[in-house]
Amino acid sequence: MRNILNNIRAEQTRRYSYIGMSSDNNYTYAIQYEKSFNILYNANEAVDTIALPMLYSLRHYLELMLKANIEYFHKFSELDNMVDSGEHKLFPLAHAFEKHWKKVIEKFDIEIDDAEYFEDLYKLLEIINLLDKNSMGFRYAYSKKREHKDSEKHFEWMKQIDILKIKKIFDKVTPLLNYSIDVFSDRTKKSSKL
């Protein structure tokens, strides 16, 4: 009997969501899209059967995590760059995040070598931007403005991408985006104890 109840509870945990509790802010959303990307990346499926939702998850993670970091750091940077922005393009968001971050580390005298992280971030954004500049290519087969079906297709028939290369860069970027808030908190707590 106990096994049956445990199996029912396990199945409910896997299949029922308290979606309101798991959708509190952009950071929470972003982490779920990151997890979705990794689950799809590690799935035992032919990549062409899942590439579009996988890459959409990655792109949306980047957009949401950049917005979450901007939202958080603007309180300390006192800059208004892209705060509450409806922007979907990744480069303007990344530049705004970098400005907020640089201002905060300067203001709070945080020593950190972040050059390689930002280099990898912009390298990843360049790849994603070439594939899906306006957040439409991974979601729709054709541009919404199409007049002729074949003239506005997002991807050429023989277009190939190296998802392994994207994943390797992605793994180098996530510490910057996921943990910059923690680095800031840790460094400012240490300095306030001195």
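Key figures for this structure:
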quantity: Per-region count, region 4-56, residues surrounded by 12 or more Cβ atoms within 10 Å (Cβ to Cβ), among the polar types (S, T, N, Q) and more than 19 Å from Lys67 (Cβ to Cβ); calculated: 1
quantity: Pair list, Cβ < 8 Å and 6+ apart or interchain, from region 1-26 residues that are hydroxyl-bearing (Ser, Thr, Tyr) to residues that are surrounded by 10 or more Cβ atoms within 10 Å (Cβ to Cβ); calculated: Ser22/Thr28; Ser22/Gln32; Ser23/Tyr29
quantity: Residue ID - modelled with the highest pLDDT, chosen from residues in region 140-185 that are part of a helix (DSSP H, G or I) and of a type in the set (Gly, Ala, Ser); calculated: Ser180
quantity: Where a residue in region 83-100 is within 9 Å of Ile70 (Cβ to Cβ) and its partner, wherever it lies, is surrounded by 23 or more Cβ atoms within 10 Å (Cβ to Cβ), with Cβ under 6 Å and at least six apart; calculated: Leu93/Leu66; Ala96/Ile70; Phe97/Leu66; Phe97/Asn69; Phe97/Ile70; His100/Ile70; His100/Phe73
quantity: Given (1) buried (at least 18 other Cβ atoms within 10 Å of the Cβ); (2) out of contact with any Ser or Thr (no Cβ under 8 Å at 6 or more places or on another chain), index of the condition Glu63 fails; calculated: (2)
quantity: Odd one out for Tyr142, checked against (1) within 27 Å of Ala46 (Cα to Cα); (2) of a type in the set (Phe, Trp, Tyr); (3) touching a residue at least 40 places away in the same chain (Cβ under 8 Å); calculated: (3)
quantity: Residue within region 3-15 that is of a type in the set (Gly, Ala, Ser) and modelled with pLDDT under 95 present; calculated: yes
quantity: Among (1) over 18 Å from Ile70 (Cβ atoms); (2) surrounded by 17 or more Cβ atoms within 10 Å (Cβ to Cβ); (3) over 21 Å from the mean Cα position of the chain (by Cα), the one test that Ile110 misses; calculated: (1)
quantity: Hits in region 29-53 - residues which are within 14 Å of the chain's Cα centre (by Cα) and of a type outside the set (S, T, N, Q); calculated: Tyr29, Ala30, Ile31, Tyr33, Glu34, Lys35, Phe37, Pro53
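The values are calculated or read from the model by the stated rules, or taken from the named source; none is laboratory data. The model shown is predicted, which means the values in this text are computed figures rather than measured ones. When we count neighbours, we look across all protein chains shown, and the Cβ atoms used for this are built from the backbone with ideal geometry, even at glycine.
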